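The values are calculated or read from the model by the stated rules, or taken from the named source; none is laboratory data. This is a predicted model, so every value here is computed, not measured. Here the Cβ positions follow ideal geometry from the backbone for every residue, glycine too, while neighbour counts run over all protein chains shown.
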């Protein structure tokens, strides 16, 4: 069980993907893999080391873990191979029949059509027949099935499924800024994409990392800029030396709304940035030279990600950041475990000083 799980990789993904079902119900999804992983050992379940793909009707924050098992049949197969004991998987760690996700998830490919992890298979992509799927905004995931540790890999951005009029289903948006580790006096830019009618606004919130966070508004009712939005964020004192999460709500003039989250936690270093222009604590601060780094640690994951199918021409998701992997408990890489683009201003060593502040959900039984 120490074999590293092979994630799905996402390259050149637009932040916003619009699929007009009136032109064809099938949505083709491209993906990649880092290497082939085909050598299933005798102690594994027969169809281990496979990939499957799912769509969810809403995003979730990094501490709201997805279930790590799809069906009871998957659990039973692992029990039959003595990979875990019967009764150790709790009901909330099964996706099928889970009330928290009822009518909110859809398979792109069936359980008995999980795909071998090979370059030839990945080159084919996967087709999603959206017939009968409600129009709306969806987040897409790759699922690595290799009991007993199965992992999810988020596809960056959001996919808006519509029937000829994307405005008919209300606003949708995503955050393209990747992992951030700012100093407490840094200003960072958080940005992303949006699709909605004219007059759509956004409100951004922060919260200490928790399974049930208390969201506090940071900016409210800000206008969007076409298909993009952004705001500048300086960490409030309450999250100095802590781990925090970012949430953005989009609201349109017709009363419709959509909520999204930054896919990785923000780790705030409880120290002033040594490269900041103002190191003396004065009210005015010292002037910055043109080559000074200032206090802006920048945003992450907002580079040009290519066109993609019907992709928005606005803010794009980075083709380098495939999003976090999660296993649903402390036994796996957890939220942000694979989002290693390091776009924040904080140094890696200092970031380690605050990583212990990340609040993790209770340990699940293996």
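Some notes on this structure:
- Positions within segment 134-166 being part of a strand (DSSP E or B) and touching a helix residue (DSSP H, G or I) at 6+ places or on another chain (Cβ under 9 Å), in sequence order: 136, 137, 145, 160, 161, 162
- Checked against the criterion of being assigned to a strand (DSSP E or B) and outside the structural domain of residue 66 (by TED's automatic domain parsing), the candidates 244, 210 yield just one match: 244.
- Flag if residue 214 is exposed (fewer than 14 other Cβ atoms within 10 Å of the Cβ) and out of contact with any strand residue (DSSP E or B) (no Cβ under 8 Å at 6 or more places or on another chain): no
- Of all residues in segment 142-168, those satisfying the criterion of being closer than 21 Å to residue 249 by Cβ and either touching a residue at least 60 places away in the same chain (Cβ under 8 Å) or within 15 Å of the chain's Cα centre (by Cα) (or both) are 154, 156, 157, 158, 159, 160, 161, 162, 166.
- Enumeration of residues in segment 10-29 that are under 20 Å from residue 171 (Cα atoms), out of contact with any helix residue (DSSP H, G or I) (no Cβ under 6 Å at 6 or more places or on another chain) and surrounded by 17 or more Cβ atoms within 10 Å (Cβ to Cβ): 13, 14, 15, 16, 17, 19
- The strands (runs of 3 or more DSSP E) found wholly in segment 1-115 and carrying at least 2 residues that are without any contact (Cβ under 8 Å) to a residue 60 or more places away in the chain occupy 105-107.
- Selection within segment 30-57 - under 20 Å from the mean Cα position of the chain (by Cα) and surrounded by fewer than 20 Cβ atoms within 10 Å (Cβ to Cβ): 30, 32, 34, 56, 57
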